[in-house]
1. Listed residues Leu119, Leu98, Leu90; which is farther than 22 Å from His24 by Cβ, in contact (Cβ under 8 Å) with a residue 24 or more places away in the chain and not aromatic (Phe, Trp, Tyr)?
2. Quick one: what pairs do we get from the stretch 13-37, first residue under 19 Å from Ala56 (Cβ atoms), second in a loop (DSSP other than H, G, I, E, B), C-beta under 6 Å, 6+ apart or different chains?
3. Yes or no: the stretch 71-81 includes at least one residue that is crowded, with 24+ Cβ neighbours inside 10 Å, modelled with pLDDT of 95 or more, in contact with a His (Cβ under 8 Å, 6 or more places away or on another chain) and in the same structural domain as Val295 (by TED's automatic domain parsing).
4. Considering only residues that are touching a Gly at 6+ places or on another chain (Cβ under 8 Å) and among the aliphatic types (A, V, I, L, M), look in the stretch 38-94 and name the one that is nearest to Ala109 (Cα to Cα).
5. Leu130: buried (at least 17 other Cβ atoms within 10 Å of the Cβ), at pLDDT 95 or above and of a type in the set (A, V, I, L, M), yes or no?
6. Would you confirm, using the coordinates I've provided, whether Ala197 is small (Gly, Ala, Ser), surrounded by 16 or more Cβ atoms within 10 Å (Cβ to Cβ) and closer than 14 Å to Leu248 by Cα?
7. Give the number of residues within the stretch 31-64 that are at pLDDT below 95 and either at positive phi or among the charged types (D, E, K, R) (or both).
8. Which members of the stretch 138-151 meet the condition of being closer than 19 Å to Val169 by Cβ and without any contact (Cβ under 8 Å) to a residue 40 or more places away in the chain?
Amino acid sequence: MKTFLAIDIGGTYIKSALIDENAHISDNKRLPTAQSLEAFQKQILSLVSPMAGSIAGVAFSVPGKVDIHTCTIYHGGALAFLHQLSLRTLIKQAFPHLEVLAENDGKAAALGELGYGNLQNTTNSAVITLGTGVGGGLILNGEIYRGSHFLAGELSSIYGLESNNEIKVYGSLGSAVQMIQLIGTSLNLKNPNDGQAVFHAITQKNPIATKIFKNYCRQIAQLILSIQAVLDLTHYAIGGGISTQTILIEEINRQYDALLDKIQYNGHKIVKDTLHRPTILKAKLGNQANLYGAVYPFIKRKNK
């Protein structure tokens, strides 16, 4: 049975694990992400080297635009030094026998949920990942949809609103980090980034925290409604660390239904009566979604 090394590259940490053809995961590791190109390349090769004789390939989940044909990263999100780095070339030069795959992190999360999570057996669905910005992955006709330039699902770039001559996109409006910071600052918390303290205030129905939180969930509901009007999906799986909070999924659903009731034309709830009401639920795989999604094409190829 073949085993693959999955590597999930984040701005702060790199996670890795071994995943076999039956999707069994083992040997999970996490280390701080190097912050220069040279150090990063050495870091990746040091992860692969001990495994090179026992694995069939390496699969990456990475930020930024990814050309899946060459495994080349463009822009690299917070890791700008990754621009134009070909992970396939990097690995093949050192380990010519290994197969190499690379996928954008939002799309990898969607593939993970499609293969092993809460989007299994769906044909048209999406993952929305709430973190520093808003990540996305679209499943259309049972396959990941990348678009003409590998950029489909870049939800952070969707226009949100204009206020005081400032245009805000969903990378800001949908940022879970910014929402937590705003509540933490408004409550004068010692650490305004303390998500646990923020959600304690929300669950205790602190009026300041509740107002900001509900507005945030309304923004996510609006985003889902906009996508739904274009793509007519059946399921949206909400990921990111914040998704472990049950109240989040409940409130997004509540705000989505409130939107449907509020949008009327001549007293007719035209959007509610016209659009299919999708299922909005928590993503299942948590912080392992990108690892599973990265290797999913390897495993899918085996199971064909």
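The values are calculated or read from the model by the stated rules, or taken from the named source; none is laboratory data. Being a predicted model, the structure only gives us computed values, none of them experimental. Cβ placement follows ideal geometry from the backbone for every residue including glycine, while neighbour counts extend to all protein chains displayed.
1. Residue meeting the stated conditions: Leu90.
2. Asp20/Met1; Glu21/Met1; Glu21/Lys2
3. Residues of the stretch 71-81 crowded, with 24+ Cβ neighbours inside 10 Å: 73.
With modelled with pLDDT of 95 or more added as a condition, the list becomes 73.
Next cut, in contact with a His (Cβ under 8 Å, 6 or more places away or on another chain) only: 73.
When the remaining residues are screened for being in the same structural domain as Val295 (by TED's automatic domain parsing), the result is 73.
Yes: the stretch 71-81 contains one or more residues that are crowded, with 24+ Cβ neighbours inside 10 Å, modelled with pLDDT of 95 or more, in contact with a His (Cβ under 8 Å, 6 or more places away or on another chain) and in the same structural domain as Val295 (by TED's automatic domain parsing).
4. Of everything passing the filter in the stretch 38-94, Val62 is nearest to Ala109 (Cα to Cα).
5. Working: buried (at least 17 other Cβ atoms within 10 Å of the Cβ): yes; at pLDDT 95 or above: no; of a type in the set (A, V, I, L, M): yes.
Spelling it out, it is not the case that Leu130 is buried (at least 17 other Cβ atoms within 10 Å of the Cβ), at pLDDT 95 or above and of a type in the set (A, V, I, L, M).
6. no
7. Final tally of qualifying residues: 1.
8. Hit for the stretch 138-151 is Gly147, nothing else.
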